[in-house]
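The values are calculated or read from the model by the stated rules, or taken from the named source; none is laboratory data. No experiment lies behind these values; they were computed from the predicted model shown. Calculation scope for accessible area: heavy atoms of the full protein, side chains included, ligands and nucleic acids excluded. Shrake-Rupley method; radii C 1.70, N 1.55, O 1.52, S 1.80 Å.
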Amino acid sequence: MTTTPLTRYDRGMLRLMNDRRGRPLYATAARRRLVVAAHLLLTAAIGGLMAHAHLAEGEPVWALVVTVVLLLPWAVATGAINAATRGLLELRERALDERQSAERARVQARAHRAMTLLLAAGAVVLLAVGAAGGDAPTAYAAPVLIAVLAVHWLMPLWVAGLTAQDEPAEDDGPAA
């Protein structure tokens, strides 16, 4: 930890991110991968519904209602990933030790590389669609940009959840 004292907010977030009550959701690597996959699918579903609401003619109230309903499991999955990584991406730097700071840097670098590849692929697809149609696909520009922003924002969380290590087993009794 750094020499800067932790604020009340830092201590509260540290306590929240180290709360072990949800541990059964992310205790093993397979469960963490499942939670990350569910989070990814929920994010895609919410994004798709929001894009539909943006592009649909008329009043797609059902899409907004389903989006709001999906936000609860999305928030639970987000919390599970944050708890599995012990708040690696949510805590302030001063609340992390040296190992956690190094892990945060590794996760962010890996997420940055993955996001760069996704952005390049997205640009190629948009240019190819524009070339095939004779003009740029302007109707889809706003939803695509919002989707890219959402993925850019969530990629470090997904990478951290996928690369989190299992915790060592707790000793139940005194050593023999």
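Our analysis of the chain gives Rg over Rh at 1.07, with the two radii drawn from alpha carbon positions and Rh computed by the Kirkwood formula.
Can you give the relative contact order of the range 1-106 as a percent, counting alpha carbon pairs under 8 Å and 6+ residues apart?
Numbers: 86 pairs, mean separation 46.0, N = 106.
After rounding, I find 43 percent.
Keeping every protein chain present and rolling a 1.4 Å probe, give me the accessible area per residue for the chain in Å².
Working: 11560 Å² over 176 residues.
For the chain, the solvent-accessible area averages 66 Å² per residue.
Using the alpha-carbon positions of the range 2-53, Rg (one decimal) and Dmax (whole number) come out as 16.8, 49 Å.
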